[in-house]
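Report on one structure; see the data block that follows.
The values are calculated or read from the model by the stated rules, or taken from the named source; none is laboratory data. These numbers were taken from a predicted model, which means no experiment stands behind them. We place every Cβ from the backbone using ideal geometry, glycine too, and count neighbours over all the protein chains shown.
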Amino acid sequence: MSFQILGTGRYVPEHVVTNDDLAKLVDTSDEWITTRTGIKTRHIATDETASQMAAEAARDALARSGVRAEELDLILCATVSGDYIVPGLACLVQREIGASCPAFDLNAACSAFLFLLETAAAYISTGRYDKVLVIGAEQMSRVVDWTDRSTCILFGDGAGAMVLGKGDNYLGSHLTVRGGDEVLRMDTLPGISPFYTGPKSHPYVQMNGSETYKFATRAVPGEIGALLEQCGVEQSQVDWVICHQANRRIIEAAARRLKGIPSEKFLMNIQEYGNTSAASIPLLVDECCRKGLFHEGDLIVMAAFGGGLSSTACLVRW
Ligand code: ACO
């Protein structure tokens, strides 16, 4: 036993920031951003917080799954841009939606939503919990340096959620971590200890773009290949691929390496939302559900990469 997806939900801020808007803040252009990343717009919070977006996505997923908040056994959240370090986002969502179950956060940067699914699958398969709410929610606009043109153009805000219940639709997963902080990191608060003499922190996203790019273009197809081999599934049997939406070129490069999966099966919404980190996979899954793209029995691969460095893939039968 693993799980089935009972319903999905989302929230994105109304305020849309275009590439031309960003060109007024930093030395960039619509042409540069579009050709290097595929991003045209991103939704940016004006008065929403990560916990409010997470709670809205949760309410949406509960309504669409027909599950009441009181029926939930566990709430799991992932974020790198939550309202607080303590309490975690999941605790705030629990209060907001009127649930009373255990709730905790998990940190795995942009791969986190797939780590949430893995954790939920483990709890559900032991019989410990039945209904689990999983949420990826990010207010990335709080944690990017808006003077750094190489990062501020990439990210957006939003939240995606799923309600999971007992079922047999999580067919397998492959998770890899190559521990290190050289390529991608976000420091914690600088601190004001009068005793600390070590290096000062810079609490914003810091990234070696080309190293991240190189890592992702190899790691994503590598994870998917290993996952399919482990599950005994041919590339030609895959109906859809949902990749972490970080850069259109990364997804296209991954698709080129996975020759058995036609490129049109790699779904994308990066042009509208940018990189919403832990929210990107559930947002795209929710969008495809609403469009009626998925049919019962479809084999869907989800794949992500992120700070850690981590790379992950899982296989779900719809
Ligand atoms: N506008 C205009 N020029 C820019 C911008 C910008 N916004 N940003 C950088 N440049 C310049 C650089 O300064 C550099 O100029 P130089 O040649 O004079 O030094 C030039 O453009 C090329 O810079 P590169 O970094 O080599 O550009 P590249 O083609 O690699 O594209 C990008 C940069 C888009 C960041 C790419 O490396 C990328 O997508 N990397 C992966 C990013 C990613 O996936 N991040 C994940 C984030 S966290 C997560 O999701 C896990």
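Summary of values
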{"read-out": "Candidates Ile33, Ile5, Ile75 - the one that is within 16 Å of the ligand (Cβ to nearest atom) and of a type outside the set (D, E, K, R)", "value": "Ile33"}
{"read-out": "Residue among Lys131, Lys40, Lys24 that alone is touching a residue at least 12 places away in the same chain (Cβ under 8 Å) and within 16 Å of the ligand (Cβ to nearest atom)", "value": "Lys40"}
{"read-out": "Test for Ser280: is it of a type outside the set (Val, Ile, Thr), buried (at least 20 other Cβ atoms within 10 Å of the Cβ) and not in a loop (DSSP other than H, G, I, E, B)", "value": "yes"}
{"read-out": "Test for Thr176: is it under 20 Å from the mean Cα position of the chain (by Cα), modelled with pLDDT of 90 or more and more than 13 Å from the ligand (Cβ to nearest atom)", "value": "yes"}
{"read-out": "Where Thr28 falls short, out of the listed (1) among the hydroxyl-bearing types (Ser, Thr, Tyr); (2) within 30 Å of Tyr123 (Cβ to Cβ); (3) in a loop (DSSP other than H, G, I, E, B)", "value": "(2)"}
{"read-out": "Residue match in the stretch 210-219 (condition: more than 10 Å from the ligand (Cβ to nearest atom), of a type in the set (Ser, Thr, Tyr), closer than 29 Å to Val17 by Cβ and out of contact with any helix residue (DSSP H, G or I) (no Cβ under 7 Å at 6 or more places or on another chain))", "value": "no"}
{"read-out": "Among the candidates Ala112, Ala69, residue that is within 16 Å of the ligand (Cβ to nearest atom) and either under 24 Å from Cys289 (Cβ atoms) or among the basic types (Lys, Arg) (or both)", "value": "Ala112"}
{"read-out": "Verdict on Glu296 being modelled with pLDDT of 95 or more, assigned to a helix (DSSP H, G or I) and under 24 Å from Gln235 (Cβ atoms)", "value": "no"}
{"read-out": "Any hit, the stretch 233-252, residues being of a type in the set (A, V, I, L, M), more than 10 Å from the ligand (Cβ to nearest atom), touching a residue at least 60 places away in the same chain (Cβ under 8 Å) and more than 20 Å from Thr176 (Cα to Cα)", "value": "yes"}
{"read-out": "Ile124 vs. criteria over 24 Å from Leu189 (Cα atoms), touching a Phe, Trp or Tyr at 6+ places or on another chain (Cβ under 6 Å) and at pLDDT 95 or above", "value": "yes"}
{"read-out": "Residue in the stretch 68-87 that is in contact with a Gly (Cβ under 9 Å, 6 or more places away or on another chain), buried (at least 22 other Cβ atoms within 10 Å of the Cβ), at pLDDT 95 or above and assigned to a strand (DSSP E or B) present", "value": "yes"}
{"read-out": "Hits in the stretch 257-277 - residues which are away from the ligand (no atom under 16 Å from the Cβ) and not in a helix (DSSP H, G or I)", "value": "Leu258, Lys259, Gly260, Ile261, Pro262, Leu267"}
{"read-out": "Neighbours by Cβ (under 7 Å, 6+ apart or cross-chain): first from the stretch 178-206, over 19 Å from Leu154 (Cα atoms); second within 16 Å of the ligand (Cβ to nearest atom)", "value": "Arg178/Leu309; Gly179/Gly308; Gly180/Leu309; Thr188/Pro203; Leu189/Pro203; Pro190/Pro203; Ser201/Asp187"}
{"read-out": "Hey, Gly222 modelled with pLDDT of 95 or more, surrounded by fewer than 20 Cβ atoms within 10 Å (Cβ to Cβ) and not in a helix (DSSP H, G or I) or not", "value": "no"}
